[in-house]
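Data block below; observations after.
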Amino acid sequence: GNSVTQMEGPVTLSEEAFLTINCTYTATGYPSLFWYVQYPGEGLQLLLKATKADDKGSNKGFEATYRKETTSFHLEKGSVQVSDSAVYFCALSGQRGNNLFFGTGTRLTVIP
Amino acid sequence: DAGVIQSPRHEVTEMGQEVTLRCKPISGHNSLFWYRQTMMRGLELLIYFNNNVPIDDSGMPEDRFSAKMPNASFSTLKIQPSEPRDSAVYFCASRKDPLSPLHFGNGTRLTVT
(Lines give C-alpha, C1' and ligand atoms only; values in the text may rest on other atoms or scores of the structure.)
Protein backbone atom coordinates (compact mmCIF):
# COMPACT_ATOMS: atom_id res chain seq x y z
CA GLY A 1 0.00 0.00 0.00
CA ASN A 2 0.87 3.67 0.00
CA SER A 3 2.22 5.45 3.06
CA VAL A 4 4.49 8.29 4.09
CA THR A 5 6.76 8.46 7.11
CA GLN A 6 8.24 11.76 8.07
CA MET A 7 10.54 13.00 10.75
CA GLU A 8 9.01 13.51 14.16
CA GLY A 9 8.99 17.05 15.41
CA PRO A 10 9.05 19.55 16.72
CA VAL A 11 12.15 21.07 15.18
CA THR A 12 13.57 24.31 16.58
CA LEU A 13 16.29 26.17 14.69
CA SER A 14 17.98 29.51 14.88
CA GLU A 15 17.55 31.92 12.00
CA GLU A 16 19.91 31.18 9.06
CA ALA A 17 20.43 27.57 10.15
CA PHE A 18 20.24 24.69 7.68
CA LEU A 19 17.03 22.70 7.63
CA THR A 20 16.41 19.06 6.78
CA ILE A 21 13.10 17.31 7.33
CA ASN A 22 13.23 13.65 6.40
CA CYS A 23 10.51 11.90 4.47
CA THR A 24 10.39 8.33 3.21
CA TYR A 25 7.59 6.62 1.41
CA THR A 26 6.13 3.27 0.47
CA ALA A 27 4.20 3.09 -2.75
CA THR A 28 3.15 0.81 -5.54
CA GLY A 29 4.10 2.02 -8.97
CA TYR A 30 5.36 5.53 -9.57
CA PRO A 31 3.86 8.09 -7.23
CA SER A 32 4.14 11.86 -7.34
CA LEU A 33 5.62 13.42 -4.21
CA PHE A 34 4.73 16.70 -2.52
CA TRP A 35 5.61 18.94 0.36
CA TYR A 36 2.80 21.04 1.80
CA VAL A 37 3.15 23.79 4.41
CA GLN A 38 0.56 24.89 6.96
CA TYR A 39 0.85 28.30 8.60
CA PRO A 40 -1.08 28.96 11.84
CA GLY A 41 -4.81 29.22 11.32
CA GLU A 42 -4.65 28.30 7.66
CA GLY A 43 -5.10 25.31 5.42
CA LEU A 44 -2.26 23.45 3.77
CA GLN A 45 -0.54 25.02 0.78
CA LEU A 46 1.56 23.26 -1.81
CA LEU A 47 5.22 24.11 -1.30
CA LEU A 48 6.83 21.96 -4.00
CA LYS A 49 6.39 18.74 -5.91
CA ALA A 50 8.22 16.16 -8.00
CA THR A 51 6.54 13.76 -10.36
CA LYS A 52 9.29 11.33 -11.31
CA ALA A 53 12.56 9.87 -10.07
CA ASP A 54 15.48 12.31 -9.81
CA ASP A 55 13.20 15.33 -10.22
CA LYS A 56 14.00 18.19 -7.88
CA GLY A 57 11.15 20.36 -6.66
CA SER A 58 12.00 23.83 -5.41
CA ASN A 59 10.20 26.91 -4.15
CA LYS A 60 10.98 29.81 -1.77
CA GLY A 61 14.47 28.44 -1.15
CA PHE A 62 13.20 24.98 -0.23
CA GLU A 63 14.26 21.93 -2.23
CA ALA A 64 13.50 18.22 -2.29
CA THR A 65 14.76 15.52 -4.65
CA TYR A 66 12.74 12.43 -5.56
CA ARG A 67 15.06 9.51 -4.75
CA LYS A 68 13.62 6.24 -5.95
CA GLU A 69 16.56 4.15 -4.79
CA THR A 70 16.12 5.27 -1.18
CA THR A 71 12.35 5.98 -1.45
CA SER A 72 12.95 9.40 0.04
CA PHE A 73 11.94 13.00 -0.55
CA HIS A 74 13.75 14.99 2.12
CA LEU A 75 13.00 18.71 2.44
CA GLU A 76 15.97 21.09 2.72
CA LYS A 77 16.60 24.79 3.02
CA GLY A 78 20.00 26.38 3.33
CA SER A 79 19.06 29.31 5.57
CA VAL A 80 15.76 29.39 7.40
CA GLN A 81 13.89 32.53 8.41
CA VAL A 82 11.48 33.21 11.24
CA SER A 83 8.71 33.37 8.64
CA ASP A 84 9.35 29.70 7.76
CA SER A 85 7.89 28.65 11.11
CA ALA A 86 5.01 26.34 10.20
CA VAL A 87 4.03 22.68 9.99
CA TYR A 88 5.40 20.79 6.99
CA PHE A 89 3.69 17.75 5.49
CA CYS A 90 5.16 15.24 3.10
CA ALA A 91 2.61 13.58 0.82
CA LEU A 92 2.37 11.19 -2.07
CA SER A 93 -0.18 10.71 -4.77
CA GLY A 94 -0.67 7.17 -5.92
CA GLN A 95 -0.13 6.19 -9.52
CA ARG A 96 -3.81 6.55 -10.21
CA GLY A 97 -3.72 9.89 -8.48
CA ASN A 98 -6.96 9.26 -6.70
CA ASN A 99 -5.85 10.15 -3.24
CA LEU A 100 -3.11 11.97 -1.41
CA PHE A 101 -1.42 10.21 1.48
CA PHE A 102 -0.03 12.61 4.07
CA GLY A 103 2.65 12.18 6.68
CA THR A 104 1.98 13.25 10.26
CA GLY A 105 3.54 16.69 9.82
CA THR A 106 6.67 18.25 11.32
CA ARG A 107 6.39 21.49 13.24
CA LEU A 108 9.27 23.88 12.58
CA THR A 109 9.96 26.86 14.82
CA VAL A 110 12.66 29.32 13.81
CA ILE A 111 13.90 31.66 16.52
CA PRO A 112 15.63 34.98 15.85
CA ASP B 1 -9.44 32.82 -7.97
CA ALA B 2 -11.20 32.99 -4.61
CA GLY B 3 -9.76 29.72 -3.40
CA VAL B 4 -11.65 27.03 -1.55
CA ILE B 5 -14.20 28.63 0.74
CA GLN B 6 -15.33 26.97 3.93
CA SER B 7 -17.95 28.07 6.41
CA PRO B 8 -18.24 28.62 9.24
CA ARG B 9 -14.64 29.28 10.39
CA HIS B 10 -15.53 28.33 13.94
CA GLU B 11 -18.40 26.27 15.30
CA VAL B 12 -19.12 25.60 18.95
CA THR B 13 -21.99 23.29 19.74
CA GLU B 14 -23.28 21.03 22.45
CA MET B 15 -23.10 17.28 22.37
CA GLY B 16 -26.05 15.78 20.55
CA GLN B 17 -26.61 18.71 18.22
CA GLU B 18 -26.44 18.49 14.45
CA VAL B 19 -23.50 20.24 12.79
CA THR B 20 -23.23 21.12 9.10
CA LEU B 21 -19.97 22.23 7.55
CA ARG B 22 -19.94 23.81 4.11
CA CYS B 23 -17.46 23.99 1.28
CA LYS B 24 -17.29 25.75 -2.06
CA PRO B 25 -14.48 24.34 -4.21
CA ILE B 26 -12.55 26.27 -6.79
CA SER B 27 -14.50 26.62 -9.99
CA GLY B 28 -13.45 24.03 -12.57
CA HIS B 29 -12.04 21.62 -10.02
CA ASN B 30 -13.42 18.12 -10.45
CA SER B 31 -12.42 16.50 -7.17
CA LEU B 32 -13.30 17.49 -3.63
CA PHE B 33 -11.87 16.12 -0.41
CA TRP B 34 -12.88 16.38 3.25
CA TYR B 35 -10.12 16.00 5.85
CA ARG B 36 -10.10 16.10 9.63
CA GLN B 37 -7.07 17.30 11.59
CA THR B 38 -6.40 16.62 15.26
CA MET B 39 -3.26 16.68 17.37
CA MET B 40 -3.57 12.99 18.14
CA ARG B 41 -4.32 11.61 14.68
CA GLY B 42 -2.94 14.24 12.35
CA LEU B 43 -4.63 14.73 8.97
CA GLU B 44 -7.21 12.07 8.11
CA LEU B 45 -9.08 11.75 4.83
CA LEU B 46 -12.78 11.36 5.49
CA ILE B 47 -14.23 11.20 1.99
CA TYR B 48 -13.57 12.39 -1.52
CA PHE B 49 -15.71 13.06 -4.59
CA ASN B 50 -14.91 12.98 -8.29
CA ASN B 51 -17.38 14.86 -10.49
CA ASN B 52 -19.78 15.11 -7.53
CA VAL B 53 -19.80 11.32 -7.00
CA PRO B 54 -18.44 9.90 -3.70
CA ILE B 55 -15.50 7.66 -4.55
CA ASP B 56 -14.06 6.64 -1.21
CA ASP B 57 -15.81 7.18 2.11
CA SER B 58 -13.85 4.60 4.06
CA GLY B 59 -12.44 7.32 6.28
CA MET B 60 -15.82 8.45 7.56
CA PRO B 61 -15.68 7.50 11.23
CA GLU B 62 -19.20 6.19 11.64
CA ASP B 63 -22.80 6.60 10.58
CA ARG B 64 -23.08 9.89 12.41
CA PHE B 65 -21.03 11.43 9.60
CA SER B 66 -22.44 12.05 6.15
CA ALA B 67 -21.28 14.10 3.18
CA LYS B 68 -23.03 15.30 0.07
CA MET B 69 -22.08 17.11 -3.09
CA PRO B 70 -25.31 18.10 -4.83
CA ASN B 71 -23.49 20.07 -7.53
CA ALA B 72 -20.00 20.99 -8.67
CA SER B 73 -19.84 24.13 -6.54
CA PHE B 74 -21.03 22.97 -3.15
CA SER B 75 -20.48 20.22 -0.59
CA THR B 76 -21.58 19.62 2.97
CA LEU B 77 -20.28 17.48 5.79
CA LYS B 78 -22.86 16.73 8.44
CA ILE B 79 -22.43 15.26 11.90
CA GLN B 80 -25.58 14.09 13.65
CA PRO B 81 -25.50 13.74 16.58
CA SER B 82 -22.20 15.42 17.42
CA GLU B 83 -19.93 14.18 20.22
CA PRO B 84 -17.00 15.82 22.06
CA ARG B 85 -14.53 13.50 20.29
CA ASP B 86 -15.58 15.08 16.98
CA SER B 87 -13.81 18.29 18.03
CA ALA B 88 -11.20 18.98 15.37
CA VAL B 89 -10.39 21.21 12.42
CA TYR B 90 -12.18 20.07 9.28
CA PHE B 91 -10.63 20.94 5.95
CA CYS B 92 -12.10 20.88 2.50
CA ALA B 93 -9.78 20.68 -0.50
CA SER B 94 -10.26 20.56 -4.25
CA ARG B 95 -8.18 19.89 -7.33
CA LYS B 96 -8.59 20.08 -11.06
CA ASP B 97 -7.39 16.57 -11.91
CA PRO B 98 -5.34 13.73 -10.35
CA LEU B 99 -2.02 15.27 -11.44
CA SER B 100 -2.77 18.70 -10.00
CA PRO B 101 -2.08 19.73 -6.41
CA LEU B 102 -4.77 20.00 -3.78
CA HIS B 103 -5.99 23.46 -2.80
CA PHE B 104 -7.15 23.66 0.80
CA GLY B 105 -9.66 25.92 2.46
CA ASN B 106 -8.83 27.58 5.77
CA GLY B 107 -10.79 24.99 7.70
CA THR B 108 -13.64 24.92 10.19
CA ARG B 109 -12.64 24.58 13.83
CA LEU B 110 -15.35 22.51 15.49
CA THR B 111 -15.71 22.35 19.26
CA VAL B 112 -18.31 20.03 20.74
CA THR B 113 -18.90 20.51 24.47
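The values are calculated or read from the model by the stated rules, or taken from the named source; none is laboratory data. No experiment lies behind these values; they were computed from the predicted model shown. Quick reminder, even Gly has a Cβ in these numbers, built from the backbone with ideal geometry, and neighbours come from all protein chains shown. Side chains included, ligands, DNA and RNA excluded: accessible areas come from the protein's heavy atoms. Shrake-Rupley method; radii C 1.70, N 1.55, O 1.52, S 1.80 Å.
Calculated FRET efficiency, residue A:71 to residue B:52, Cβ-Cβ distance, R0 = 22 Å: about 0.05 to the nearest 0.05.
For the interface of B with A, what's the total buried accessible surface in square angstrom, probe 1.4 angstrom, rounded to the nearest hundred?
1400 Å²
Please name whichever of B:3, B:88, B:42 sits farthest to the positive end of the charge dipole of chain B, dipole taken about the Cα centre and charges placed at Cβ: Lys and Arg +1, Asp and Glu -1. Checked the options; the winner is B:3. Think of chain A as having a plus end and a minus end, set by charges on the Cβ of Lys, Arg, Asp and Glu; of A:37, A:79, A:19, A:37 sits farthest toward the positive end of this dipole. Here segment A:9-97 is assigned +1 on the Cβ of each Lys and Arg and -1 on the Cβ of each Asp and Glu. Its dipole about the Cα centre then comes out at about 400 debye. Taking amide H positions as modeled 1.01 Å from N, with prolines and chain starts lacking one, the residues under 5 Å from residue B:46 and 5 or more places away or on another chain are B:34, B:35, B:36. Computed over protein heavy atoms with a 1.4 Å probe, the carbon and sulfur contribution to the accessible area of chain B reaches 50%. The share of accessible area on segment A:41-108 that comes from carbon and sulfur is 43 percent, using a 1.4 angstrom probe.
Using a Förster distance of 30 Å, how high is the FRET efficiency between residue B:14 and residue B:96, based on the Cβ-Cβ distance and rounded to 0.05? So the FRET efficiency works out to roughly 0.15.
The mean accessible area for residues of the protein assembly as shown, using a 1.4 Å probe and ignoring ligands and nucleic acids, is 49 Å² per residue.
If you average the sequence gap of Cα pairs under 8 Å that are 6 or more apart and divide by the length of chain B, what percent do you get for the contact order?
37 percent
Other protein chain C-beta atoms within 10 Å of residue C-beta, averaged over A:37-46: 5. Per-peptide packing, taken as the mean over residues of other Cβ atoms within 10 Å, places B:104-110, B:73-79, A:68-74 in the sequence B:104-110, B:73-79, A:68-74 from highest down.
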